[in-house]
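Novice: One structure follows; several queries about it will come next.
The values are calculated or read from the model by the stated rules, or taken from the named source; none is laboratory data. These numbers come from a predicted model, not from an experiment. Here the Cβ positions follow ideal geometry from the backbone for every residue, glycine too, while neighbour counts run over all protein chains shown.
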């Protein structure tokens, strides 16, 4: 970029008078251009337009800063007094202000105070002379993003400017993502713009206008219940009840009474009659979650209820007509369950009129940034501040395999917001199993892997199973916590090296 002789150790005024041996100095306005041309420099291309305002009463300093700003791919405006700077801030959008602390009229600190008060989104870098570092520290406490001492190294100014620019770009990208959240295509609480989610949305839109059964397939944590709710609340039955039943959490006798209801005295404790959910949700939607866990004998009763459109409460001899829509969901392979006799084939055909497969998160990783920003906004508001995420942390989330899908991602962001101390979520705020690498699959039966790789995968899997608790992971592995910490440190070093 700039040669070593160009303002590395001389003051700005000294540059104009001292010349390295054998070099003929050019006017200041020509030197940056000739140096850039000699080194084939191209202005940095920025994804978003960023404007920097330079405030300094010294022409040489102001021009040098303007050249550095332009070389960094930013638009530059200049002012020689604080009054001019405030006029520019009032008339034009400014993202970064580079100001000397001894600028005429009100001074750099007062200018900083007014910028923080009137333009809180604008970042400020202050320039200060040697011997006045205390003022720079005070400026930092007042909200300055950074400071540079004069006479300064050009690479030092460029480095600090680029750091502030990158933070602004990440913040603007996060704002764009949050705006996409408000205008995203989707249904209900579903989030994502990937092609696979777009196909899910189109299916939801079609089936929501009908009443035939729907079978939703997908791994745990992919959002199957959200799909079911979207079908119901965007459909013709939106004003009728939506009744969810978790077939895996209730014992068989309770599932039957929950679905079909019971009469008084049907069993011990039945002191009064109770309507079942299939009757209570009449003209609404009954969502049978984890339908693959329904016992075979209850599958027969459910099939009859769907075919005859009537139910018989437990302990009753009378039948009750129903007109409920059935939406079922499972993370199991029902076709395999049918082959093994664990699920009735006729019930499978009855439920599988329309099938919707919800993709796992690892197959739609392009949706991770918008999901992350949604969760940051959700949990940040609960803590009184909406946070952002660093580029490195987002890269780790994109590299992770997400065996727990969207639910695991949501839990990870909630943990990071709860335990993080600053406005930005960093890699260290993420669960341990996401900090050190991806959650990788186990090797196939005939696949051979080096012992070191098998050990690494076992450790990372134990961390995942222990939800990031290192002590619990060490107990699962049967090793000491010191050994685990040493291994994790090794993996972190290897990850940074790669």
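Novice: Residue check: is residue 253 assigned by TED's automatic domain parsing to the domain that holds residue 343, assigned to a loop (DSSP other than H, G, I, E, B) and over 18 Å from residue 212 (Cα atoms)?
Specialist: So residue 253 does not fit the description; no.
Novice: Kindly check whether there is at least one residue in the stretch 309-332 that is within 43 Å of the chain's Cα centre (by Cα), without any contact (Cβ under 8 Å) to a residue 12 or more places away in the chain and farther than 20 Å from residue 243 by Cα.
Specialist: no
Novice: Name the residue that is nearest to residue 309 (Cα to Cα), counting only residues in the stretch 205-223 that are crowded, with 23+ Cβ neighbours inside 10 Å and under 26 Å from the mean Cα position of the chain (by Cα).
Specialist: By that ranking, first place goes to 216.
Novice: What residue, of 433, 411, is assigned to a helix (DSSP H, G or I) and modelled with pLDDT under 90?
Specialist: 433
Novice: Just give me the residues in the stretch 116-137 being assigned to a loop (DSSP other than H, G, I, E, B) and within 24 Å of residue 169 (Cα to Cα), in sequence order.
Specialist: Selection gives 119, 120, 121, 122.
Novice: For the structure I just gave you, tell me whether residue 325 is crowded, with 19+ Cβ neighbours inside 10 Å, closer than 28 Å to residue 262 by Cβ and either touching a helix residue (DSSP H, G or I) at 6+ places or on another chain (Cβ under 9 Å) or not assigned by TED's automatic domain parsing to the domain that holds residue 241 (or both).
Specialist: Against the criterion (crowded, with 19+ Cβ neighbours inside 10 Å, closer than 28 Å to residue 262 by Cβ and either touching a helix residue (DSSP H, G or I) at 6+ places or on another chain (Cβ under 9 Å) or not assigned by TED's automatic domain parsing to the domain that holds residue 241 (or both)), residue 325 qualifies.
Novice: So, residue 396, is that one within 18 Å of residue 168 (Cα to Cα) and surrounded by 16 or more Cβ atoms within 10 Å (Cβ to Cβ) or not?
Specialist: In short, no.
Novice: In this structure, is residue 344 surrounded by 13 or more Cβ atoms within 10 Å (Cβ to Cβ), at pLDDT 90 or above and not assigned by TED's automatic domain parsing to the domain that holds residue 407?
Specialist: Yes; evaluated as a whole, the condition is true for this residue.
Novice: Could you list, in sequence order, the residues of the stretch 195-217 that are over 20 Å from residue 364 (Cβ atoms) and in a strand (DSSP E or B)?
Specialist: The answer is 214, 215.
Novice: Kindly indicate whether residue 386 is in contact with a helix residue (DSSP H, G or I) (Cβ under 7 Å, 6 or more places away or on another chain), surrounded by fewer than 18 Cβ atoms within 10 Å (Cβ to Cβ), at pLDDT below 90 and closer than 27 Å to residue 193 by Cα.
Specialist: So residue 386 passes the test.
Novice: Within the stretch 259-278, is there a residue that is closer than 20 Å to residue 331 by Cβ and touching a helix residue (DSSP H, G or I) at 6+ places or on another chain (Cβ under 9 Å)?
Specialist: No, every residue in the stretch 259-278 fails to be closer than 20 Å to residue 331 by Cβ and touching a helix residue (DSSP H, G or I) at 6+ places or on another chain (Cβ under 9 Å).
Novice: Oh, and also: Out of 85, 144, 139, which single residue is without any contact (Cβ under 8 Å) to a residue 40 or more places away in the chain, more than 33 Å from the chain's Cα centre (by Cα) and not assigned by TED's automatic domain parsing to the domain that holds residue 395?
Specialist: Sole residue among the options that is without any contact (Cβ under 8 Å) to a residue 40 or more places away in the chain, more than 33 Å from the chain's Cα centre (by Cα) and not assigned by TED's automatic domain parsing to the domain that holds residue 395: 85.
Novice: Considering each of 392, 429 in turn, give the residue that is free of Cβ contacts under 8 Å to residues at least 40 places away in the same chain and closer than 25 Å to residue 220 by Cβ.
Specialist: On inspection, the qualifying residue turns out to be 429.
Novice: Could I ask something else about it? So, of the residues in the stretch 439-467 that are surrounded by fewer than 17 Cβ atoms within 10 Å (Cβ to Cβ) and within 24 Å of the chain's Cα centre (by Cα), which turns out to be modelled with the highest pLDDT?
Specialist: Step by step, filter the stretch 439-467, then rank; the result is 465.
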